[in-house]
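Heads up: the structure comes next, in C-alpha cells.
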Amino acid sequence: MNKPFDWKNTSLKIDSRTSDGSVLIKALNKESIELRLDESIHVLENQFKHYILEDDFINNSRNLPLIIRKYSKKDYEDTIRIYDEELSGFKSLKVESSDKKIYEEIIKENIIDADIREFPISINTLEKVLDKDSRKSSLILDIFILISIANKSKFNAEDYSFEVGVDDKTYRATLNIDSESLNLFPIYDWIINNEEYKESYNVKLHVVRQVIINKQNMLDVKGLLEDSKLAYRRIISKKTNEYFEQLNQLKDDFLILSQNENSTLRTLNLTFFAWLGSLGLELFNIIKDYTGTDILQYVFFSTGAKKGIVVLVFIIALIALFVSYTIEMKSLEETYEVIKRIYKDKILFETENDDENKFEKIIKKPKIGILHIVIFSLIFGILLLRFLKTFPW
C-alpha cells in the first residue's frame, strides 16, 4: 500500500508506515476511537460521532447509495468532532443541527424510489463539515438538498433523477456523479433556517417548487432564490392583511360575546329581582294578615299545606331561573369555543402557546359567576328548610 489512505466502502484503511497515516492513527488513539489492525494497516469503520476525511471519502466513491447510507448513520449533534489535517488532530465545531427534524418531516412527504427510505440527516452539519471548494462534495450536498425539494427522487449508483411537481406541472432533471454542483445551500438555508413563523418552511418549499417549474431550470440559483423570496413576500403580504382582518373580526366577535354575556346577566338580575319582589309581596301579605304576637315564629317555623305549596312554588321558580341562566351561559361558552377554534386555525404568526395566551387575553371565557352560585345556594337552602318545616313531622 503506497498511499496513506484507502477507502473500502465506508471503511478507511490507514497505512501506519506513511507520515499522514501515522499522524491520523495517533489522533484517533487520542480520541479513543477503536481501530482494527492488519499488520501495518489500521482499519477505521464508519464513525457516528466523528467526521474524518469526509471529502476524501466522497472523492473516492462513485456509489451514491453508499454515500447516502454513510451520512444517514451519523449522530447529528450541536457540537461535533472533526479531524483537521492542518492541526493533525480533532477539533470541536458547533453547528445548528435542528434542521434534521424538519428535513425528515419533508422527506416523509416525498416519493423516493430507492432501497433507502429514511434520511436522518442535518444539511446544516454537512455544509459545515464538507469542503465548499470541492466539486463533488458540493454536488453530494446538492443531492441531499434536492431529495427534500423534489417531490419524487430516484437514484442508482452514479445517477440521481428527480421531479418537482405542483398541481399538474412538473420539472424533471438528472444529475450524474460527475455533474457540476449547483450550490443549492442558500435556498435550503432560506427555506429551513430562516423561520419567520411556525412551519413557514412549508410555504417557502411550495414557493421554491413553483419557481423551479416556471423557470424549468436550476442553473441560476441566485435568480431562483430572489424570485422565490419575492413570491413569498407577496404571499406573506396577503397573509398579513388577512391576519389583521381576522384580528379586527376577533374584536367584533369579542364585543358581541361580551354584549350577550352582559345581556344574560341583566336578564338574570331583572328576573331575580322580580322573583324577590314576588317573595317580598307574599311576605308582606302574610305579615299584614297576621294577628298573633310572634311574627318570626309564624313566618319561619309555622306549618300548613298552603304555606308548603307557596314555598314550593318559589323554589321551583328559583330553580327555573337559575337553570335558564346556566343554559344561556353554557351556550355562550360553546360560542366562545367555536370562536377560539376558528381563530386559532386562521391566525398564522403565532406558536401554539402564544396563540393560546393571546386569545385568552383578548376574550375571557364566559363562566357562571361564583357569587351567583353562592347566592342561589344560600336562598335555595333557606327555602328548602322552610319547605320542610311546613310539614307537621
Collect the residues in segment 8-34 that are in contact (Cβ under 8 Å) with a residue 24 or more places away in the chain, among the β-branched types (Val, Ile, Thr) and either over 18 Å from residue 51 (Cα atoms) or in a helix (DSSP H, G or I) (or both), keeping them in residue-number order.
23
Looking at (1) part of a strand (DSSP E or B); (2) under 25 Å from residue 131 (Cβ atoms), find the lone condition where residue 186 falls short.
(1)
Please indicate, with yes or no, whether at least one residue in segment 139-150 is surrounded by fewer than 21 Cβ atoms within 10 Å (Cβ to Cβ) and part of a loop (DSSP other than H, G, I, E, B).
no
Which of (1) under 26 Å from residue 137 (Cα atoms); (2) surrounded by fewer than 21 Cβ atoms within 10 Å (Cβ to Cβ) is the odd one out, the single condition residue 188 does not satisfy?
(2)
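Hey, can you tell me all the residues within segment 94-116 that are part of a loop (DSSP other than H, G, I, E, B) and within 17 Å of the chain's Cα centre (by Cα)? Step through it out loud before you land on a result.
Quick first cut of segment 94-116, residues part of a loop (DSSP other than H, G, I, E, B) only: 95-98, 109-110, 114-116.
Scanning segment 94-116 gives 98, 109.
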Show the residue pairs meeting these rules: Cβ distance below 6 Å; 6+ apart or different chains; first residue within segment 367-392 and without any contact (Cβ under 8 Å) to a residue 60 or more places away in the chain; second residue of a type outside the set (Ser, Thr, Tyr) and part of a helix (DSSP H, G or I).
368/329; 376/322
Go through (1) out of contact with any Ser or Thr (no Cβ under 9 Å at 6 or more places or on another chain); (2) surrounded by fewer than 16 Cβ atoms within 10 Å (Cβ to Cβ); (3) at pLDDT 70 or above for residue 312 and report which single condition fails.
(1)
Index of the failed condition, residue 5 passing every other in (1) touching a residue at least 12 places away in the same chain (Cβ under 8 Å); (2) farther than 22 Å from residue 132 by Cβ; (3) not assigned by TED's automatic domain parsing to the domain that holds residue 154:
(2)
When only residues in segment 101-126 that are within 17 Å of residue 194 (Cβ to Cβ) and in contact (Cβ under 8 Å) with a residue 24 or more places away in the chain count, which is surrounded by the most Cβ atoms within 10 Å (Cβ to Cβ)?
122
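If you check residue 58 against the conditions, is it at pLDDT below 95, out of contact with any Asp or Glu (no Cβ under 7 Å at 6 or more places or on another chain) and either in the same structural domain as residue 104 (by TED's automatic domain parsing) or small (Gly, Ala, Ser) (or both)? Step through it out loud before you land on a result.
Working: at pLDDT below 95: no; out of contact with any Asp or Glu (no Cβ under 7 Å at 6 or more places or on another chain): yes; either in the same structural domain as residue 104 (by TED's automatic domain parsing) or small (Gly, Ala, Ser) (or both): yes.
No, not satisfied.
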Of (1) surrounded by 14 or more Cβ atoms within 10 Å (Cβ to Cβ); (2) of a type in the set (Lys, Arg); (3) out of contact with any strand residue (DSSP E or B) (no Cβ under 8 Å at 6 or more places or on another chain); (4) closer than 26 Å to residue 93 by Cα, residue 204 satisfies every one except (4)
Could you tell me which of the residues 239, 229, 198 is assigned to a helix (DSSP H, G or I), modelled with pLDDT under 95 and more than 20 Å from residue 165 (Cα to Cα)?
239
Residue among 193, 183, 214 that alone is more than 19 Å from residue 122 (Cβ to Cβ) and assigned by TED's automatic domain parsing to the domain that holds residue 153
214
Taking residue 83 and the conditions (1) in a strand (DSSP E or B); (2) closer than 14 Å to residue 65 by Cα; (3) touching a residue at least 40 places away in the same chain (Cβ under 8 Å), which numbered condition does it fall short on, given that it satisfies the others?
(2)
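The values are calculated or read from the model by the stated rules, or taken from the named source; none is laboratory data. Every value quoted in this text rests on a predicted model; they were computed, and no experiment measured them. Don't worry about glycine lacking a Cβ; one is built from the backbone with ideal geometry, like all the others, and counts go over all protein chains shown.
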